[in-house]
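Take a look at the structure set out below.
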Amino acid sequence: MLEPLIITGSAAGIFAALVFGYLLGSIPFGLVLTRMAGLGDVRSIGSGNIGATNVLRTGNKKIAAATLLCDMLKGTVAVLIAAYFGRDYALAAGFGAFLGHLFPLWLGFKGGKGVATYLGILLGLVWPGALVFIAAWIIIALLTRYSSLSALVASILVPLSILYLGLDKTALLFAVLTLIIFIKHRANIQRLISGTETKIGSK
């Protein structure tokens, strides 16, 4: 059964869900956790990103794993809470959480690249798509050791897999999120082409 491409929630409710998701997504766990662990400002090392991949460059795998988990869960929690009021509210909250991670209110709108939050939103909305993402990421990462390439390839497969399930509206959302991920990774794409991209495990 296809998912109709129409908005069924109220405009006020959709906006409220979007704002709720944005505020939750704005929590910069990478920065908070590294500072609590005495590792300084993660924005001053590596790529300057607040995501788990850059946190891993501190050498602390536990904090990197915690960052990944927290960045995922803020997307999942936003979706699951909003889903109580309806599917469209969940989609709006997920989109808001993604934007919040990319453009956090608390950090002058300079945040991460959204991959972990993307996965968390995916887990909350359509978990089979999350399995597709994880499997693709692991395979590409094992073959190349490039986190960015793994995320890019995996994010391409997600909207296609969701479309296959007949969830047209959800597939459209993730097609938009995938496009944004590519835009946020444009510097990584240039480095991949030139052969200068940092590999997983490099400090």
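The values are calculated or read from the model by the stated rules, or taken from the named source; none is laboratory data. What you see is a predicted model, and the numbers here were worked out from it, not measured in a lab. All Cβ positions, even for glycine, are placed from backbone atoms using ideal geometry, and neighbour counts span all protein chains on display.
Only one of 124, 112 is buried (at least 16 other Cβ atoms within 10 Å of the Cβ), modelled with pLDDT under 90 and within 13 Å of the chain's Cα centre (by Cα). Can you tell me which? Exactly one residue qualifies, and that residue is 112. Within segment 8-47, being of a type in the set (Gly, Ala, Ser) and either touching a His at 6+ places or on another chain (Cβ under 6 Å) or farther than 21 Å from residue 97 by Cα (or both) holds for 25, 37, 38, 40, 44, 46, 47.
In segment 90-109, of all residues being at pLDDT below 95 and over 15 Å from the mean Cα position of the chain (by Cα), the one that is nearest to residue 176 (Cα to Cα) corresponds to 109. Of all residues in segment 32-71, those satisfying the criterion of being part of a loop (DSSP other than H, G, I, E, B) and either small (Gly, Ala, Ser) or loosely packed, with under 13 Cβ neighbours inside 10 Å (or both) are 37, 38, 40, 41, 46, 47, 48, 51, 59.
Is it true that residue 154 is more than 22 Å from residue 35 (Cβ to Cβ) and touching a residue at least 12 places away in the same chain (Cβ under 8 Å)? Yes, satisfied. Only residues that are in contact with a helix residue (DSSP H, G or I) (Cβ under 9 Å, 6 or more places away or on another chain) and free of Cβ contacts under 8 Å to residues at least 40 places away in the same chain were counted in segment 105-130, giving 4.
More than 22 Å from residue 151 (Cα to Cα) and free of Cβ contacts under 8 Å to residues at least 60 places away in the same chain, is that true of residue 89? In short, no.
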